[in-house]
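These notes concern the structure reproduced below.
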Ligand code: BG6
């Protein structure tokens, strides 16, 4: 029986052995076990008889977070609302191929008379718990079944059972502003959250839907993926608060942390007849973030200690897959059907195709091959196949770096900052003395941030139609960085699946501190607000020259993106999002009527209608000019202007995947994209490893074996060549800058010398 109803709770059992328990009181999930390991905390003192909210599990906060404030209608409701203290009904249970699901319901008829009086709305809540082998989804749907609109907050107030609160990290909220309810102030989150005392923080409008609780001192952790939920609360009562709670043990704060996903920063207004839903997916996290103290030392010992006594000649002992008829690691060398798992593909890629020399030249930022501080002190972070991160690696020579890459065979690697000392030596100094000093200014643009406006694909998928968003982003950012900031050495790189990275390598860019990076990002930021917010662009009537230049690019691409490839004005569900941006219900209604009456109307014509109706409204009501005049322009910005992942840019020590990695999911090389050709870039065109193997075979079969001197690198025999040569041209520009700087420094030294000679002769 996948879902059994035992007295006062439902028990879900998955064939894999995973299980969950949900009390009907509050529909409070009190247990989630994977591989027999409990993940959810419930206090030993929790009261389970339905006389008080359960202290632990996942109590459901609804319709108010904390205590409501007068004059709002929720002011008199109990703390966190009534959903967690009402008796729910088990509505349904089902057992599909991979999941076991139970559905619970609560409506106005099931809450107490008193609460019904305090909150006189007709509502219905459906709470779905979906258990899979190693994940669990908890989803809340809110329906307004009455005839008046109501406001609500909600929160999946999850208490996680953890090994030790002082050694967990909550990752994924860096860069978000939060209200610190303990200090009663607003703070900007820098980096990961660590717990050192009472924590009660409300993070509004989080930037990423993924939050991780990492058990730093032990392997693993838990991953939360938020859907339709924008805020996260992090809570640990610590000593004093714990002592004041009758249903919580004095020492239990060590074993728990609440990371609560929901909508609490602002009320959601749900119109009569309307519905809303939000959910979280919890999963076991295999990742170990190795970066500090004991855990890191351990990982280095396990993974790396033996690496540096490796004999260099080992590199030469690689089987040669290019001899016809041989098979290396499952990659056949002589047929067309070159296959093999990604592990094997990466092994071949690092040994044969990775362009080590130009890559080293880039990281070295020097004109001599001697490793400079830029190379020696650069953080490299390896991500292994099992998703273990090995942070703060650094190398003395290119050979060391190369050997490690081949030995570890990483799924990918990231570049971090260049520090004042070698990252590997950081435990020789106090944490405060380990300082990031430079790094390229970077931008990260991810197609998933366009999910609310793109219609052709979603999530990790991309196609040439939505790729045009990336083209616009590249053009706009590149022009701003060159024209407004004077940067010259800009490298655009395909992320291998659904995004692009920009690396600005001018010395001036590398030296920027966090404040300056933030200033550049806010200069570039136009799209603001979470998914709930309709109008996300607020620009002055007269555009800054930089935005006027961006607008030229937008003008060029808007029709093809919005009218053609994304068909935003074709279907009501999409055009409604555009209408919602117009702050005038009358104009919205007129356009809706016009478009519904003529379904065949061309999108370009609809766009003209929109401009005409707005123009007409302004001419009839001159008072609306300021509000409406620039709405068409702002819609164009909202639908095409780049969406930036700002935390990647604003923190000097943030990691970013290196160019020339292979994306482990697509198998494609993360190649540079020449900005002049960005319009023609097709994300499905960069080579995959099997393709490189085939090309190499073909080359060798058709070219006689050269003598040692004229021997080519393997990448030179494949389609990777064009990309690497473009990268080399980028490096040439950089070398010129470095050479020029050295010449100037020499001259300054000479002048200085002459001056001091003059002085001594006087
Ligand atoms: C958190 C709040 O969500 O819940 C805290 O931010 C509060 O302020 C905590 O103390 C627990 O609330 P309660 O009502 O279950 O004690």
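Secondary structure note: in the chain, about 100% of the DSSP beta bridges are antiparallel. Once the mean of 1/r is taken over each pair of separate Cα atoms and inverted, segment 449-493 shows a Kirkwood hydrodynamic radius of 12.0 Å. For segment 552-620, the extents of the C-alpha atoms along the principal axes are 32, 28, 18 Å, listed from largest to smallest. Normalised size of segment 515-654, defined as Cα radius of gyration per 2.2 N^0.38 Å with N residues, equals 1.15. In terms of surrounding Cβ atoms within a 10 Å radius of their Cβ, 239, 537 rank from fewest to most as 239, 537. Neighbour counts of C-beta atoms inside 10 Å place 756, 546 in the sequence 756, 546, starting with the fewest. With each label modelled as a point 7 angstrom along the Cα→C-beta vector, the residue 519-residue 44 pair spans 5.6 nm. For segment 58-117 versus segment 405-473, the spacing of their alpha-carbon centroids is 40 Å. Placing dummy labels 7 Å off each Cα toward the beta-carbon, the span from residue 432 to residue 585 is 5.8 nm. Modelled spin-label separation between residue 420 and residue 560, with each label point placed 7 Å from Cα along the Cα-to-Cβ direction: 5.0 nm. Here the extension length gained between residue 250 and residue 751 equals 173.3 nm, from 0.36 nm per residue of separation less the Cα-Cα distance.
Relative to the longest principal axis of the Cα atoms of the chain, helix 545-558 runs at roughly 80 degrees. Placing a label point 7 Å from the Cα of residue 626 along the Cα-to-Cβ line, the residues of segment 516-548 whose backbone N sits under 17 Å from it are 538-543.
Any idea what diffusion coefficient segment 374-472 gets from Stokes-Einstein, in µm²/s, Kirkwood Rh on alpha carbon pairs, 4 °C, 1.567 mPa s? My calculation gives 80 µm²/s for D. Computed on the Cα atoms alone, the convex hull of the chain gives a volume of 230 cubic angstrom per residue. Bridge orientation summary for segment 37-137: considering DSSP beta bridges with both residues in this region, about 95 percent are antiparallel. Using C-alpha pairs under 8 Å with a sequence gap of at least 6, the mean separation divided by the residue count of segment 3-287 gives a relative contact order of 18 percent.
Projected over all directions and averaged, the alpha-carbon convex hull of segment 25-116 occupies 7.5 nm².
For 557, 108, the sequence from fewest to most other C-beta atoms within 10 Å is 108, 557. Based on C-alpha pairs under 8 angstrom that are at least 6 apart in sequence, segment 629-692 has a relative contact order of 21 percent. Averaged over residues, the count of other Cβ atoms within 10 Å places the peptides 254-260, 36-42, 21-27 in the sequence 21-27, 254-260, 36-42, highest first. Shape analysis of segment 594-638 yields a ratio of the Cα radius of gyration to the Kirkwood radius, Rg/Rh, of 1.03.
Relative contact order of the chain, taken over Cα pairs closer than 8 Å and 6 or more residues apart, is 10 percent. What separates the Cα centres of segment 623-700 and segment 139-161 is a distance of 37 Å. Pairwise Cα separations in segment 3-287 fall into 10 Å bins from 0 onward with the following percentages, short to long: 7, 30, 38, 22, 4, 0. Please list, by residue number, everything in segment 554-577 whose backbone N is under 19 Å from a paramagnetic label point 7 Å out along Cα→Cβ of residue 602. Backbone N within reach: 555-571.
Between residue 16 and residue 110, what's the calculated FRET efficiency when r is the beta-carbon distance and R0 is 30 Å? Round to 0.05. That gives a FRET efficiency of 0.35. Between segment 487-516 and segment 196-218, the alpha-carbon centres lie 28 Å apart. Set the Cα radius of gyration of segment 639-753 against 2.2 N^0.38 Å, with N its number of residues, and you get 1.51. When peptides 391-401, 734-744 are ranked by their average number of other Cβ atoms within 10 Å per residue, the highest-first order is 391-401, 734-744. Sorting the segments 417-427, 621-631 by their mean number of nearby beta carbons within 10 angstrom, highest to lowest, gives 417-427, 621-631. Pairwise Cα separations in segment 232-283 fall into 5 Å bins from 0 onward with the following percentages, short to long: 4, 15, 17, 15, 13, 14, 10, 6, 4, 0.
Every number here is computed from the coordinates shown, using simple stated rules; none is lab data. Since this is a predicted model, take the numbers as computed values, not measurements. Glycine also receives a Cβ, built like all others from the backbone with ideal geometry; neighbour counts cover every protein chain displayed.
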